[in-house]
Amino acid sequence: MTSTEDQPDWKELDKNHYLFTDHKDLHTKRARIITRADGVYIYDDQDNQILDGMSGLWCVNVGYGREELVDAASKQMRKLPYYNSFFQCSHPPAIELAALLQEVSPPQFNRVFFAGSGSESNDTVVRMVRRYWDLRGMPERQTIISRHNAYHGSTVAAASLSGMAAAHKQGGLPIPGIVHVDQPYWFGSDRTLTPNELGLAAARSLEDKIKELGADKVAAFIGEPIQGAGGVIIPPDSYWPEIQRICDTYDILLVSDEVITGFGRLGEWFGAEYYGTRPDLMSFAKGVTSGYLPLGGVMVSDRVADVLIDKGGEFAHGYTYSGHPSTCAVAIANIRMIQRENLIPRIKNDIGPYLQKAFHTLADHPIVGETRMVGLMGALELVKNKDTMQRFGEDQGAGTVCRDILTNNGLVMRAVGDTMITAPPFVLRHSQADELVEKARRCLDLTQKALLPARGR
Ligand code: PXG
């Protein structure tokens, strides 16, 4: 171990031992070491203060340093750190959280199945929808329809549900029985249709796929209310009502992946409520604990739960950490905090509109083609030519250039290709929203200078 007197050489140790995603690239450039955080700010090992415009990874919604969550975990850990939910056992934190989730969910949801992450939640979805149709005497209803460029996780089933081409190239994905249809990404289209026309066309690609496969072969459709990791793709208003109509018409289960949109990000408890859909299942993770401890799960509507329960028999599925007492205790404290501090109405009526207005002022920047935001979830599109909306060349890596400039100037935004995205903590103050937008503008100037040096401003 290489170290100075009081501090290990984190970058060297990281390079030698910590394997994650692009190991070679990450460790040639060397990782930025984040050592602490408070409120909406993170700090690196050089003590640089950085405004966290991504809430960690779409999850630290109540902000950092919330002692109440720490206390909830330590209290529970002292009392019963762990117990499982198998073999006719249960325990108060999981039961209390299940009841609380029922309280904050749309009325069709009275039951929850716990998992340890968003990926595990969506693996649960795959097994549960197939089990549901099996129990109803239609075992041939197996296929799950998802969307290109969706993100539903990294385990084998969840990565198959995801529509990420790069992931599918590795390891023979998707697994059988999972197919993909169009996403409602207007800016990414040729823009010959109006947004609402595009939304209808994307929704109808689901209908076409159902007809092609035969409705009697289709179990479910899964979608994120707003695609997150795919680039904050906000669907046109026409999209979700049409998806709902199609699921109703063909009796297809509708699954809303609420891993990012759940627990308030769009100014409603769940994204399905924002868009007025009536899902049969909702997967969740991230915001349920504000990321303080890992927890996921699936809200199960009465339609599905009644079949699973009434038809009986064992659903041969469950995790060691399903309903983990300590994480459940943190989730309870987190949800109570969101309620007590009125954080969701605040997104709808106060900080949401405030940040949106400020964020949209960036639309006049010479390298910005579009800004979009719902609740506290937004994106801007980098373009080389604002008049023609021509993109930067792929070899220019404009998004990564912009992201690095942003981080070096004290703001985290994420780059998805040349789409820059933000999802700040719910506790963001007005002055911090101003700071976010001011820093973003300054960094767009710097990005423009770096990528289009001849043109200047
Ligand atoms: N569904 C959605 C909608 C997600 O955003 C998952 C499922 C999987 O959750 P877990 O807890 O298994 O990671 C996610 C996760 C990114 C990024 O680059 C986003 C996620 C994960 C990793 C990277 O924006 N979202």
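Full extension of the segment from LYS169 to LEU26, taken as 0.36 nm per residue of separation minus the current Cα-Cα distance, would add 49.4 nm. Under a 5 Å amide H cut-off, with hydrogens placed 1.01 Å from N, VAL112 pairs with VAL300 among residues at least 5 apart or on other chains.
Phi angles of the stretch 349-362 translate, via the Karplus equation with coefficients 6.51, -1.76, 1.60 and θ = phi - 60°, into HN-Hα couplings of 10, 10, 5, x, x, 5, 5, 4, 4, 5, 5, 5, 5, 6 Hz per residue; Gly and Pro are given as x.
Under a 5 Å amide H cut-off, with hydrogens placed 1.01 Å from N, LEU411 pairs with LEU51 among residues at least 5 apart or on other chains.
Scalar couplings 3J(HN,Hα) for the stretch 247-262, obtained by applying the Karplus form with A = 6.51, B = -1.76, C = 1.60 to θ = phi - 60°, are 4, 5, 4, 9, 6, 9, 5, 9, 10, 9, 7, 9, 4, 9, 7, x Hz; x denotes Gly and Pro. Taking the DSSP bridge list for the chain and keeping only pairs wholly inside it, about 70 percent are antiparallel. Dividing the radius of gyration of the alpha carbons in the stretch 21-160 by their Kirkwood radius gives 1.04 for Rg/Rh. A DSSP coil position with no more than 13 other Cβ atoms inside 10 Å describes the following GluC sites (Glu not before Pro) in the stretch 111-199: GLU140. Of the chymotrypsin sites (Phe, Trp or Tyr not before Pro) found in the stretch 64-95, those in coil by DSSP whose Cβ has at most 15 other Cβ atoms within 10 Å are TYR82, TYR83, PHE86, PHE87. Annotation: amide H of HIS180 within the under-5 Å range of SER146, sequence separation 5 or more or interchain, hydrogens built in the peptide plane.
Element breakdown for the stretch 68-340 at a 1.4 angstrom probe: carbon and sulfur atoms account for 54% of the accessible area. Rounded to the nearest Å, what's the spacing between the alpha carbon centres of the stretch 383-444 and the stretch 259-288? Just the number, please. Using only Cα atoms, the two centres lie 25 Å from each other.
Evaluating 6.51 cos²θ - 1.76 cosθ + 1.60 at θ = phi - 60° for every residue in the stretch 320-328, the Karplus couplings come out as 3, 9, 4, x, 3, x, 5, 5, 5 Hz, glycine and proline recorded as x. Applying D = kT/(6 pi eta Rh) to the chain, where Rh is the Kirkwood radius over alpha-carbon pairs, T corresponds to 37 °C and eta to 0.692 mPa s, the Stokes-Einstein value obtained is 142 µm²/s.
The values are calculated or read from the model by the stated rules, or taken from the named source; none is laboratory data. None of the values given here were measured: they were computed from a predicted structure. Backbone-built Cβ (ideal geometry, glycine too); neighbour counts: all protein chains shown. These accessible areas exclude ligands, DNA and RNA; they are computed on the full protein's heavy atoms, side chains included. Shrake-Rupley method; radii C 1.70, N 1.55, O 1.52, S 1.80 Å.
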